[in-house]
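Here's the structure, in structure tokens; my notes come after.
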Amino acid sequence: MENIVYLCILFQESIMIKTIIAGPCSVESREQLRQVTAALAAMPRVTLIRAGVWKPRTRPGGFEGLGEPALQWMQELAQEYGVQYCCEVAKPKHVELCQRHGITTVWIGARTTGNPFMVEELCSAFAGSEMQVLVKNPTSPDVSLWLGAIERVLQAGVKGVSAVHRGFAMYHNRGYRNEPLWEVPMTLRRELPEVPLLCDPSHIGGRRELVAPLVRTAVQFDYDGLMVEVHHAPESALTDAAQQLTPAAFADLLSQLSTSDSQHSTFNSHKLDSLRSQIDEIDHELLSLLARRMEMSRQISFIKHDLQMPVYQSGRWSDVVADRLQQATALGLDADFTRALLEKIHGESIRVQLADKA
């Protein structure tokens with residue numbers, strides 16, 4: 001996956017990020033919120049300012065948010081600076097309080113997304129309102145849970161629904177706070193192409209130095225927006241101190257999202273079309289070869305039947321895998337990818353042979 005990402009970066013395509021949400025993980029004080037708001041309000045590309053109001057921690061004893069007083073400050077500062085805020089909701093009461101204080105965009109957090117009962121309760125509060133709802137992925141890489149939560153919100157009549165990719169809790173996260181597993185949000189996009197997809201690089205990375213590289217990757221995957229944590233003094237933040245950017249660092253990140261030179265883009269657009277045409281041709285060749293391979297499997301099934309041989313030959317399969325992996329390594333192909341592909345093809349070959357034998 002990483003090889004594909006960095007190959008895409010070489011094309012320098014025009015940036016199509018439409019929605020940019022930024023702000024502190026938590027509202028810690030009125031002055032803290034004012035400082036961050038003032039800085040972000042001066043950045044025209046910022047669409048919404050995020051600010052956590054209810055922050056239940058994984059383990060008790062940490063800062064858990066200020067609740068309704070924070071919403072009051074958000075309402076006042078929204079009028080003063082001409083901005084809009086959004087925050088996380090986990091209970092119908094949260095939705096009611098947000099509506100009371102003029103918060104029209106909220107998000108459903110990862111833990112809540114994974115609980116259909118809680119999502120259903122929130123949907124009852126959304127029904128009949130004009131709220132915009134962002135649905136973060138569940139903590140586990142279960143695309144069905146994510147899809148289900150979004151579908152419930154849509155069925156509640158919410159018009160503005162977006163998905164937010166914030167990574168997944170895995171036993172091994174390869175240096176990330178939450179493993180990105182880019183294939184999961186891409187699957188979601190194929191299932192719900194009309195739902196905008198945003199990336200939350202702060203929660204994926206867990207460290208501020210990883211935010212910019214993750215944003216670049218999200219751009220290459222054609223995400224519709226970003227959700228980034230920004231704090232005026234991240235080192236002293238009460239939550240997520242390691243992953244929040246300063247306003248200056250965030251402004252620098254935004255400057256990197258400028259579109260490339262039009263002539264350069266036109267050249268690369270033609271080059272991209274050419275390469276895509278070549279990929280189409282290769283894919284057609286691959287499918288033809290796979291069809292020929294399955295025909296060989298059918299012929300083999302008749303011979304095995306006459307010789308009273310079992311369909312599955314473990315020794316032969318081990319030799320095939322060893323030979324193909326050696327060839328794949330010489331060709332620069334990833335071993336895990338090659339093994340998975342071989343197992344998929346072999347599984348279909350077994351199915352074909354058993355079907356013919358039946």
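The values are calculated or read from the model by the stated rules, or taken from the named source; none is laboratory data. Everything numeric in this text was worked out from a predicted model, so none of it was measured. Methodologically, a virtual Cβ is constructed for each residue, glycine included, from the backbone with ideal geometry; neighbour enumeration extends over all protein chains shown. Quick note on the areas: whole protein, heavy atoms, side chains included, nothing else; ligands and nucleic acids left out. Shrake-Rupley method; radii C 1.70, N 1.55, O 1.52, S 1.80 Å.
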query: Hey, residue 319 hits all of (1) assigned to a helix (DSSP H, G or I); (2) loosely packed, with under 11 Cβ neighbours inside 10 Å but one; which does it fall short on?
result: (2)
- prompt: So is residue 219 open to solvent by 10 Å² or more (accessible area, probe 1.4 Å), assigned to a helix (DSSP H, G or I), within 28 Å of residue 160 (Cβ to Cβ) and at pLDDT 95 or above or not?
  reply: no
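Right, residue 144: among the polar types (S, T, N, Q) and either part of a strand (DSSP E or B) or open to solvent by 20 Å² or more (accessible area, probe 1.4 Å) (or both) or not?
Against the criterion (among the polar types (S, T, N, Q) and either part of a strand (DSSP E or B) or open to solvent by 20 Å² or more (accessible area, probe 1.4 Å) (or both)), residue 144 qualifies.
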- prompt: Would a scan of region 55-73 turn up a residue that is over 26 Å from residue 125 (Cβ atoms) and at pLDDT 95 or above?
  reply: no
message: Among the residues in region 151-170, are any crowded, with 18+ Cβ neighbours inside 10 Å, more than 15 Å from the chain's Cα centre (by Cα) and closer than 18 Å to residue 111 by Cβ?
response: yes
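To keep it simple, each residue is scored yes or no on (1) aromatic (Phe, Trp, Tyr); (2) open to solvent by 10 Å² or more (accessible area, probe 1.4 Å); (3) part of a helix (DSSP H, G or I).
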position: 73; (1), (2), (3): yes, yes, yes
position: 79; (1), (2), (3): no, yes, yes
position: 88; (1), (2), (3): no, yes, no
position: 96; (1), (2), (3): no, yes, yes
position: 120; (1), (2), (3): no, yes, yes
position: 124; (1), (2), (3): no, yes, yes
position: 130; (1), (2), (3): no, yes, no
- request: Specify the residue that is most open to solvent (accessible area, probe 1.4 Å); the eligible residues are those in region 34-52 that are part of a loop (DSSP other than H, G, I, E, B) and in contact with a Leu (Cβ under 8 Å, 6 or more places away or on another chain).
  value: 45
statement: Residue set 354, 341; condition modelled with pLDDT of 90 or more and within 36 Å of the chain's Cα centre (by Cα); output residue 341
query: How many of the residues in region 98-111 are part of a helix (DSSP H, G or I) and open to solvent by 50 Å² or more (accessible area, probe 1.4 Å)?
result: 3
statement: Filter region 300-316 for residues that are surrounded by 10 or more Cβ atoms within 10 Å (Cβ to Cβ) and not hydrophobic (A, V, I, L, M, F, W, C); the one that is farthest from residue 352 (Cα to Cα) is 313
- request: Could you please tell me which pairs satisfy a Cβ distance under 7 Å, a separation of 6+ or placement on different chains, a first residue in region 285-298 that is farther than 9 Å from residue 349 by Cβ, and a second residue that is in a helix (DSSP H, G or I) and open to solvent by less than 70 Å² (accessible area, probe 1.4 Å)?
  value: 298/352; 298/356
Number of the condition not met by residue 184 [criteria: (1) within 24 Å of residue 222 (Cβ to Cβ); (2) in contact with a helix residue (DSSP H, G or I) (Cβ under 7 Å, 6 or more places away or on another chain); (3) at pLDDT below 95]: (3)
statement: Checked region 132-141 for anything open to solvent by less than 30 Å² (accessible area, probe 1.4 Å) and not in a strand (DSSP E or B); matches are 137, 138
Index of the failed condition, residue 139 passing every other in (1) touching a Phe, Trp or Tyr at 6+ places or on another chain (Cβ under 8 Å); (2) among the polar types (S, T, N, Q); (3) modelled with pLDDT under 95: (3)
- prompt: Checking residue 194 against (1) in contact (Cβ under 8 Å) with a residue 60 or more places away in the chain; (2) assigned to a loop (DSSP other than H, G, I, E, B), which single condition isn't satisfied?
  reply: (1)
